[in-house]
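Single-structure report; data block below.
Rule-based calculations on the coordinates, nothing more; no lab input. On a predicted model such as this, the values are computed, not experimentally measured, just so you know. When we count neighbours, we look across all protein chains shown, and the Cβ atoms used for this are built from the backbone with ideal geometry, even at glycine.
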2 protein chains.
Amino acid sequence: MAQGKLDPKSIPNDGLTTRQRRMIPITAVHTGPGKGKSTAAFGMAMRAWNQGMNIGVFQFVKSAKWKVGEEAVMRRLGGLHDDTGEGGPVEWHKMGEGWSWSRKQGTEEDHAAAAAEGWQEIKRRLENEVHDFYVLDEFTYPIKWGWIDVDDVVKTLRNRPGRQHVVMTGRDADPKLVEVADLVTEMSKIKHPMDVGRKGQKGIEW
Amino acid sequence: MAQGKLDPKSIPNDGLTTRQRRMIPITAVHTGPGKGKSTAAFGMAMRAWNQGMNIGVFQFVKSAKWKVGEEAVMRRLGGLHDDTGEGGPVEWHKMGEGWSWSRKQGTEEDHAAAAAEGWQEIKRRLENEVHDFYVLDEFTYPIKWGWIDVDDVVKTLRNRPGRQHVVMTGRDADPKLVEVADLVTEMSKIKHPMDVGRKGQKGIEW
């Protein structure tokens, strides 16, 4: 059953050895209207952390109140690394409170500029191989809204050096993102408690 | 944008206050052929851990080699709780190596018995409110194969006391499970690197 999931269906004629093919960095997109897009991305980051990878999380969200649970856990994991050498280091940046590398504080008016600035920083980091595993959370929205040029994203991802894994989340992923990715999962909502008037719960929804 | 996700679409006429409704435990199913079903469940468990919830993970998998990354991280989080009081306690049990509460070692022949035994233990724990948050990983398969009676599962989930959250994962969820759940997400595979002959990568796939 589960084991079968890791068997490749065919061996491609790409001139690479299995080991070389195994070394190809993952480009993943979690999209669709259902839950679990970001949660699964953070779960992947946890796993990568466990392998000692250097993790960089970039949240393209407006509110600093979002995903505080994931942030708290990832920061604790990063702290474990700093204290005991376990796992890998973790950096967590979010646009909502102004990018932490920037003096500017994000306001409602300059989200477009903040998103563009966030992408420029990620681009610099990819060029300099700063992290092993990137989570670009809610990244599809600034692309959809024209704040970040999807062609620039595609080109940067295609040409990134080394072995840097990138996972992007958000609804309505641009077809060009889907094209450049090699692992694309769509989360569909079948049933949701908010459909019947229930509110989000602490520790469950965030 | 993201904020809107937590606004209920309508207020149900169920006689409950918002606070009471908020206290209803979540029953979630992650199903479908795509990736991220378990990863999102473990991500939810991480978040619940961060709120100090007592976490119980039950993996209905054959091989002890699976999801070692998630297990390592969840065990570290449980260890953090034991050492520093942060987050909540974590128990992680898997069928692959014989359930840890059982003397019997699972062999290829008695998976059905092991699965049934696992479910009986979960049922006892639900009745005794042992955990706050349960992950029943790959739980749809023993149901599908007739090793665990879906009607018993549905009845147990419906009648469970207190405020115990349950997340179940696996393909081909029984319609009765979907019916009893209030949060059902289907993960669909759009593109997968194994389709083009790439193998699973350490830290990425497991």
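Remarks
- Environment charge of A:Asp152, counting only residues whose C-beta is closer than 14 Å and scoring Lys/Arg +1, Asp/Glu -1: 0
- Considering every alpha-carbon pair of region A:116-179, the percent of pairs per 10 Å bin, from zero through the bin containing the longest distance, is 21, 61, 18, 0.
- Amide H contacts for A:Ile148 (H built 1.01 Å from N in the peptide plane; partners 5 or more residues away or on another chain; cut-off under 5 Å): A:Ile143.
- Among the listed pairs A:Lys67/B:Lys123; B:Lys67/B:Lys155; A:Lys123/A:Lys176; B:Lys94/B:Lys191; A:Lys37/A:Lys123; A:Lys176/B:Lys189, a Cα-Cα separation exceeding 26 Å is found for A:Lys67/B:Lys123; B:Lys67/B:Lys155; B:Lys94/B:Lys191.
- Amide H contacts under 5 Å for A:Trp92, placed H, 5+ residues apart: A:Val57
- Placed amide H near B:Trp99: partners under 5 Å, 5+ positions off or other chain: B:Gly106
- FRET efficiency, A:Asp151 to B:Lys189 (Cβ-Cβ, R0 30 Å, nearest 0.05): 0.70
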